[in-house]
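The values are calculated or read from the model by the stated rules, or taken from the named source; none is laboratory data. Small disclaimer: the values here were computed from a predicted structure and weren't measured. Cβ placement follows ideal geometry from the backbone for every residue including glycine, while neighbour counts extend to all protein chains displayed.
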Amino acid sequence: MRSTPRGFLLLLTAALCAGGGPHGRAVAAGPPSALPLRLHGTVEPVQSFPITAPRLTGQPGQGPSSLVIVHLVPGGTRVTRGDLLIEFDRAAQTKTAHDKQADYLDFVAQLQKKRAEQATERAHDDMDLADARAALRGAELDVQGNEMETAITAEKNNEALEEARAKLKQLEKTYELKRRSAAADLRLLEIERDRAANAWHHAEDNAGRMRMLAPMDGLVVLKTTWKNGTMGEVQEGEEVRPGLPILDVVDPTAMRIRARVSQADIDRIRIGQAARITLTSYPSVAFTGRVRQLSPIGSTTMLSNRVRTFAALITVDRADPHLLPDLAAAVDIQP
């Protein structure tokens, strides 16, 4: 066997050192933990207020099933607290409020009439009671003079006394039953009146909900919804169902990134780490931030129930007009 020249061995050693190994795999310059961790997420506001189509109160089945938008502030508009955001057609709600008010006033009139009728009936009953008591006193006086009367007259006086006592007792019992019945009739009308008043107030409240004002200063961001087979923003003149999300009023001065961390990388991230943030839409613009929150519990993904991810919130150090909600962002976590 021929010996390998020394010069060839030196060249082979230099090649292995430069190439990283006999199979061409590069040798890492450092451990993986020393490299930045790349996360992907979306921009979201720290403070926002969702605006949805109002849910109408009142009895089920009343009022329109959908609401027609007659005014909608454009997306991207900066608004101040109290500015008009959305206005719905309020004709149906106003008509309902007037109808409920008429029902309430009708029950009020019925109550007044019923009280007047009961007052008249009670006055008649009081007169009957007074006559019965007077008749009883007269019969008692007649009985006291029985010693001066004949036996037949005395017997008639005794019968008249018993009859007067029975009539008075019956009238007193009937009088009490009539008063209870009258009170029950009034209570039923009062309940109907109160229900009508609540329905009236609900209808007025529904009419007031047709105008929705900005709850705070901020930026209007229109929501996308499924309509006519595609995703799109709500427009003026469209009908929307109660409870449908229409827009968000966000505070553009404070934004953050919501990202997902794989379970394989969770040990490489901690609260307080510095981060470099870039936007997919504006790759030349970079921001700095820090990890502020990290979910302690992982959630499963749609692809596998074994692989878990953790939510991370990264705050941005400064405000910028490029930072808009729902923009895709890349976050490099510094080791």
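What to note about this one:
- Residue that is surrounded by the most Cβ atoms within 10 Å (Cβ to Cβ) [pool: residues in region 254-279 that are among the polar types (S, T, N, Q) and modelled with pLDDT of 90 or more]: Gln273
- Pick from region 216-248, criterion in a loop (DSSP other than H, G, I, E, B) and among the polar types (S, T, N, Q), ranking: nearest to the chain's Cα centre (by Cα): Gln235
- Single unsatisfied condition, Asn228 versus (1) in the same structural domain as Arg122 (by TED's automatic domain parsing); (2) at positive phi: (1)
- Whether a residue is in the same structural domain as Asp185 (by TED's automatic domain parsing), acidic (Asp, Glu), part of a helix (DSSP H, G or I) and buried (at least 16 other Cβ atoms within 10 Å of the Cβ) was assessed, and Asp99 does not pass this test.
- Looking across Glu163, Glu140, Glu121, Glu190, one residue alone is of a type outside the set (A, V, I, L, M), in the same structural domain as Ala102 (by TED's automatic domain parsing), assigned to a helix (DSSP H, G or I) and at pLDDT below 90. It is Glu140.
- Of residues in region 73-119 being more than 23 Å from the chain's Cα centre (by Cα) and aromatic (Phe, Trp, Tyr), the one nearest to Ala184 (Cα to Cα): Phe107
- Filter result for Arg318 (among the basic types (Lys, Arg) and under 13 Å from Leu39 (Cβ atoms)): no
- A count restricted to region 296-335 and to residues that are part of a loop (DSSP other than H, G, I, E, B) and either out of contact with any Phe, Trp or Tyr (no Cβ under 9 Å at 6 or more places or on another chain) or surrounded by fewer than 16 Cβ atoms within 10 Å (Cβ to Cβ) (or both) stands at 20.
- Here Phe49, Phe88 are screened, and the one residue that is at pLDDT 90 or above, of a type in the set (Phe, Trp, Tyr) and under 30 Å from Arg260 (Cα atoms) is Phe49.
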